[in-house]
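Colleague: Handing you a structure now.
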Amino acid sequence: NYSLFIMTHTSKFEKVSKHFSILCIGFFGLLAQALLFRFFLSVFDGNELSIGLFFFSWLIWVCIGAWLAKRQFISKLAKYFYILIILYLPLYLIQQYLFINAQTLLGGSSFELVSLNLLILFVLLCNAPVSFMTGFLFVLGTEWIKESSVPVVQIYIYESLGSFIGALTVTLLLFAGYTEEPIFLVATFIVLLSVLPHVFLFDLTSGGPEV
């Protein structure tokens, strides 16, 4: 039966595509963190306090994003996960802009002249976009991929695999002499690639996400 054949293979392809989307969360999240950290270091001169604040605030926002995604009224957005993942891209650019222009935003003062309270507030707020979205998308993605009867443990495996690939990719490209801009373009291509199967295949067959 031709229709049965199509449905079976579409279901398998859907699972593979969802796995790839979850993998992209880990891939882009780790790669973006590495690139943003480089911008951050260039502004704050590798100061130990600022480095600690960067990673502390990153983890705090990941937790906040994950907590918010668990709320019932937010978890209903899970069916739009493959669209929401695109938000990674503008949020990265916003955070990059904030770090590059940190000195201007802090009143033109050098890092040494900035008060500790202002520094903490600045890092906490400006480090939010990508880290928040990482936690938010991961939890939302678990709800989304459960629709395909995928074991939860596989979600953690694919996200961790994506993080490993992202770390390896950014390390090799930086070692090869590439700057942040072309590396970001590579990550952008991967993210968009993860979205295309859902947009052009599953929306056509199902008529789009149910409201």
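Colleague: Treat each spin label as a single point 7 Å out from the Cα along the C-beta direction, and report the Glu181 to Leu105 distance in nm.
Modeller: A separation of 2.1 nm, rounded to one decimal place.
Colleague: With Cβ to Cβ distances under 13 Å as the rule, what net charge do the other residues near Leu174 carry (K, R +1; D, E -1)?
Modeller: Its environment carries a net charge of -1.
Colleague: Could you check the simple spin-label distance between Ile51 and Asn117, using points 7 Å along Cα→Cβ, in nm with one decimal?
Modeller: 2.8 nm
Colleague: Sort Glu48, Glu180 from largest to smallest accessible area, using a 1.4 Å probe on the heavy atoms of the protein chains.
Modeller: Descending accessible area places them as Glu48, Glu180.
Colleague: Once you have the Cα-Cα distance between Val43 and Leu59, take 0.36 nm times their residue separation minus that, and quote the gain in nm to one decimal.
Modeller: Extending this stretch completely gives an extra 3.7 nm.
Colleague: Cα convex hull of region 26-105: how many Å³ per residue?
Modeller: Spelled out: Cα convex hull of region 26-105, divided by residues, is 101 Å³.
Colleague: Using 0.36 nm per residue, how much length does the chain from Arg71 to Leu125 gain when fully extended, once their Cα-Cα distance is taken away?
Modeller: Length gained, Arg71 through Leu125: 17.2 nm.
Colleague: Compute the length gained on full extension between Phe20 and Leu192: take 0.36 nm times their separation in residues and subtract their Cα-Cα distance, giving the result in nm to one decimal.
Modeller: 60.8 nm
The values are calculated or read from the model by the stated rules, or taken from the named source; none is laboratory data. All values derive from a computational prediction rather than experimental measurement. We place every Cβ from the backbone using ideal geometry, glycine too, and count neighbours over all the protein chains shown. Side chains are part of the model used for accessible areas, which takes the heavy atoms of the whole protein and leaves out ligands, DNA and RNA. Shrake-Rupley method; radii C 1.70, N 1.55, O 1.52, S 1.80 Å.
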